[in-house]
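The values are calculated or read from the model by the stated rules, or taken from the named source; none is laboratory data. The structure displayed is predicted, hence computed values, not measured ones. We place every Cβ from the backbone using ideal geometry, glycine too, and count neighbours over all the protein chains shown. Areas reflect the complete protein model, heavy atoms only, side chains present, ligands, DNA and RNA absent. Shrake-Rupley method; radii C 1.70, N 1.55, O 1.52, S 1.80 Å.
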Amino acid sequence: MRNKKIIFIVTGFIFSVFFVFLLYKFFTVKQIVIIGNKHLPDSEIRAILGIKEGHSILYPSSKNIYDRLKKSPWIKEAKIRKDLNGKLTIFIQESTPTAILQHNSRYYLVSNDGEVLEDFTDKIKESKIFLPVIKELDPFKDKKTLIDALNLIIFVKTKNYVNPEDEIIITGSTSENLTLNVNGFPIIVGTGDYETKFSKYMIVVTESQKRGLSLEYVDLRFPDKVIVKPSQ
């Protein structure tokens, strides 16, 4: 009886090993399709995956693949689909580059949610500035102020308070003194309540133009007043 039991266990083990072997032999990756990437090249995503044609399509698991992809700050979200015919499809949602942050003589590409996507220092020497620039902030230590600066950029662009060709620079070491510089003209905004602040700003600009006044700066930080300094 005991011998029969041992034979049964050994047979079951051999069958299991053979079955796993068949799975790995026949259920392999025959095609890798990457969809949705615009900034990350396929080659870089493949390197992150660590999977090639001929590898098992069962291992690593979809969760493991997802975790690998999410280690890249460029990848905001990802979906993985495995087909037993050997097709592995990766759906990528990339982070949106929103600004270039200048800090300690280095330039960083940052997303709309404050993630540092990459060190852009070397590339910026060969590229035209194509995004708003944020200065005076440490992206690794002052995430709150960075998020506030990004929200300000997103607001003025979404509401068309700036034109696509305008030079946009955000300065300020804290949220309370964030300043939007549009083509060199400073608008001290601070943080929050952008709708009200820029409604007041448009009134001030309109009145100044009617009177033929040239302004040096506008300060919108105070709830009950707008401070303007006429140019000398």
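Quick one: pull the percent of accessible area on the chain belonging to carbon and sulfur, 1.4 Å probe, ligands and nucleic acids left out.
Details: 8070 of 14290 Å².
Taking all protein chains in place, the chain shows 56 percent carbon and sulfur surface.
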Seminar exercise, completed: Counting only residues 5 or more apart in sequence or on a different chain, those whose built amide H sits under 5 Å from that of ILE34 are ILE90
Exercise. For region 81-103 and region 113-159, what is the separation of their C-alpha centers, rounded to whole Å?
Worked result: 21
Problem set entry | Amide H contacts of HIS103 (H built 1.01 Å from N, under 5 Å, at least 5 apart or other chain) | TYR108
For this session: Find the eigenvalues of the gyration tensor of the Cα atoms of the chain, then list the square roots of 5 times those eigenvalues as equivalent ellipsoid semi-axes, largest first, in whole angstrom.
Result: 58, 17, 15
Exercise. Can you give the alpha-carbon Rg of region 40-176 over 2.2 N^0.38 Å, where N counts its residues?
Worked result: 1.29
Exercise. Could you give the radius of gyration (one decimal) and Dmax (whole number) of the Cα atoms in region 141-232, in Å?
Worked result: 13.0, 45
Exercise. Based on DSSP H assignment, which helices of the chain show an axial Cα extent of at least 15 Å together with a mean Kyte-Doolittle hydropathy greater than or equal to -1.0?
Worked result: 2-26, 143-158, 194-211
Exercise. Remind me, relative contact order of region 77-117 in percent, using alpha carbon pairs under 8 angstrom and six or more residues apart?
Worked result: 27
Problem set entry | Accessible area (Å², per residue) of region 69-176, counting only protein heavy atoms and a probe of 1.4 Å | 54
Problem set entry | Qualifying aspartates and glutamates (Cα of each under 14 Å from Cα of LYS52; at least 8 residues distant if same chain) | ASP42, GLU44
Seminar exercise, completed: Which residues qualify? For ILE75, with a placed amide H closer than 5 Å and at least 5 residues away or on another chain, they are SER95
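Which whole-number percent is the relative contact order of region 22-177 (Cα, under 8 Å, 6+ apart)?
18
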Exercise. At 222 nm, what helix-only mean residue ellipticity would the chain give, in deg cm²/dmol to the nearest 500, using -39500 (n - 2.57) for each DSSP H run of four or more?
Worked result: -11000 deg cm²/dmol
For this session: For region 44-150, build the charge dipole from Cβ charges (+1 Lys, Arg; -1 Asp, Glu) around the Cα centre, then report which of ALA78, LEU58, SER127 sits farthest towards its positive end.
Result: LEU58
For this session: Could you grab the relative contact order for region 115-232? Cα pairs under 8 Å, six or more apart, rounded to a whole percent.
Result: 17
